[in-house]
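Read the structure below first, then the notes.
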Ligand SMILES: [Ca+2]
Ligand SMILES: [Ca+2]
């Protein structure tokens, strides 16, 4: 105690020289430490060997509102004696600076400030002390900074960081540098592994009264074992494996599981399959959320060398394009010529031949791709197929060799067209147009002379399904509608359906 009094005398004498008697009298008189409330936060501080050395900071209360008086107690260590201690307190309008006063306890300083112009966000208080050699040291206390140590591996503190709950370094070493402070909140645990180290190069670790730093393992819940954890998943600091947990360093960071009970659902994977029609499979987001129901309303693709966007229409549980390939609009009537679109020879590519005014040739193609945009016809005699020999696989499904529909789309099958036709209110072109598909009587381009026929009075739509040397199509007029076979060389409307 005698030694302590001597130190105080030295401090007092210096202050006298600097500031005069009145100033000296006010500031040099040790004050009693006031009684503290139950909301006191005590921070035990370990820091680099820098002086004056902060040993403990008490803030009372930690959570304040405007009008409160917040008390601060700082305990320091310094062999040369403390010159002064200040607190720089952040608030909405800037900073308040409060000089702390020496208390009756050795190297222990007390300050108080009236809280003003703050609201619910994080503030920080910077405590700075200077010793009688003129050396300064500071410590910053902040309470809601996000800290994100890597799930695994070394971590060097790169900002002031407050740990709440369980966190730490798994399978790596921890370094405090840059003058930053790691604060371990009341009730929080900061863990690091056995055999690994904590090095304080420049900065501090502040452990409040109820916090702890613990050498053990870190674990996270990954019930389905897909290496993704739910957003906000709990961490555990203990030696043995908690139920449904794996070591945290094996969990992928920054992406979160959408379903921790299904290993096939994770970020980037389908989290809800399609349920038919224009429903689109939802993909698990990195945030760990599965998007709300997604519907396909348009499809944009390249057709005849240009980008086109068609709408979609859902009918009988299937997703169709809202118009024929090549149509410039959705039909407004069964004989709306702007909605007729193009007429394809069965199995041919989108190579331009389907334009109703395309040039013609009588040369059959021996390959799947004729390599030109001419309509292949009989030159006066009826032609049954443009390809010789025939190939039944040209329009089969999305992978059909010459599928003219965009990726994910294809020609409807016989069964699909027959189901569509059967659903019509009338078995004629009025029923076909009344369907949500708004089908048109676009006519046909026959294969004897390559002439257009029955335009505005008969409608025809190819299916992908072959029957003998023919292929199925749906056909309708003012008096009938049926699904039957037809020779493949005719130019006929195409309506794509989503696979
Ligand atoms: Ca998981
Ligand atoms: Ca999962």
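The values are calculated or read from the model by the stated rules, or taken from the named source; none is laboratory data. Since the model is a prediction, treat every value here as computed from it, not as a measurement. Every residue, glycine among them, receives a Cβ derived from its backbone with ideal geometry; neighbour counts consider all protein chains shown.
Working carefully through the options 199, 250, 227, find the one that is touching a residue at least 40 places away in the same chain (Cβ under 8 Å) and touching a strand residue (DSSP E or B) at 6+ places or on another chain (Cβ under 9 Å). Before you say what the answer is, go through the steps one by one.
On the way: 199 fails: touching a residue at least 40 places away in the same chain (Cβ under 8 Å); 227 fails: touching a residue at least 40 places away in the same chain (Cβ under 8 Å).
Answer to the check: 250.
Regarding residue 183, is this residue within 27 Å of residue 127 (Cβ to Cβ), without any contact (Cβ under 8 Å) to a residue 40 or more places away in the chain, in a strand (DSSP E or B) and more than 16 Å from ligand 1 (Cβ to nearest atom)?
Details: within 27 Å of residue 127 (Cβ to Cβ): yes; without any contact (Cβ under 8 Å) to a residue 40 or more places away in the chain: no; in a strand (DSSP E or B): yes; more than 16 Å from ligand 1 (Cβ to nearest atom): yes.
When the stated conditions are applied, residue 183 does not pass them.
So which residues in segment 211-229 are away from ligand 2 (no atom under 16 Å from the Cβ), part of a strand (DSSP E or B) and farther than 15 Å from residue 150 by Cα? Even if it seems obvious, please write down each step before you answer.
Here is the first cut: in segment 211-229, the residues away from ligand 2 (no atom under 16 Å from the Cβ) are 211-219.
Still in the list and also part of a strand (DSSP E or B): 212-215, 217-219.
Those that are away from ligand 2 (no atom under 16 Å from the Cβ), part of a strand (DSSP E or B) and farther than 15 Å from residue 150 by Cα: 212, 213, 214, 215.
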Selection status of residue 222, within 17 Å of the chain's Cα centre (by Cα), modelled with pLDDT of 95 or more and within 15 Å of ligand 1 (Cβ to nearest atom): no
Which numbered condition residue 393 fails, given (1) part of a helix (DSSP H, G or I); (2) surrounded by fewer than 20 Cβ atoms within 10 Å (Cβ to Cβ): (1)
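Is it fair to say residue 177 is farther than 30 Å from residue 50 by Cβ, surrounded by fewer than 15 Cβ atoms within 10 Å (Cβ to Cβ) and more than 16 Å from ligand 1 (Cβ to nearest atom)? Can you show your working first?
Numbers: farther than 30 Å from residue 50 by Cβ: no; surrounded by fewer than 15 Cβ atoms within 10 Å (Cβ to Cβ): yes; more than 16 Å from ligand 1 (Cβ to nearest atom): yes.
For residue 177, the condition - farther than 30 Å from residue 50 by Cβ, surrounded by fewer than 15 Cβ atoms within 10 Å (Cβ to Cβ) and more than 16 Å from ligand 1 (Cβ to nearest atom) - is not met.
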Which numbered condition residue 338 misses (of (1) in a loop (DSSP other than H, G, I, E, B); (2) more than 36 Å from the chain's Cα centre (by Cα)): (1)
Subset of segment 259-274 (residues that are within 16 Å of ligand 1 (Cβ to nearest atom) and not in a strand (DSSP E or B)): 259, 260, 261, 262, 263, 264, 265, 266, 267, 268, 269
For residue 251: the one exception among (1) within 15 Å of ligand 1 (Cβ to nearest atom); (2) more than 20 Å from residue 171 (Cα to Cα): (2)
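Would you call residue 232 within 16 Å of ligand 1 (Cβ to nearest atom), part of a loop (DSSP other than H, G, I, E, B) and either over 17 Å from residue 150 (Cβ atoms) or within 30 Å of the chain's Cα centre (by Cα) (or both)?
Working: within 16 Å of ligand 1 (Cβ to nearest atom): yes; part of a loop (DSSP other than H, G, I, E, B): yes; either over 17 Å from residue 150 (Cβ atoms) or within 30 Å of the chain's Cα centre (by Cα) (or both): yes.
Yes; evaluated as a whole, the condition is true for this residue.
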In segment 247-271, residue surrounded by the most Cβ atoms within 10 Å (Cβ to Cβ) [restricted to those that are more than 16 Å from the chain's Cα centre (by Cα) and within 13 Å of ligand 2 (Cβ to nearest atom)]: 251
Pairs, first free of Cβ contacts under 8 Å to residues at least 40 places away in the same chain in segment 424-438, second buried (at least 19 other Cβ atoms within 10 Å of the Cβ) and in a loop (DSSP other than H, G, I, E, B), C-beta under 8 Å, six or more apart: 434/424
Sole residue being more than 16 Å from ligand 1 (Cβ to nearest atom) and buried (at least 16 other Cβ atoms within 10 Å of the Cβ), chosen from 277, 288: 277
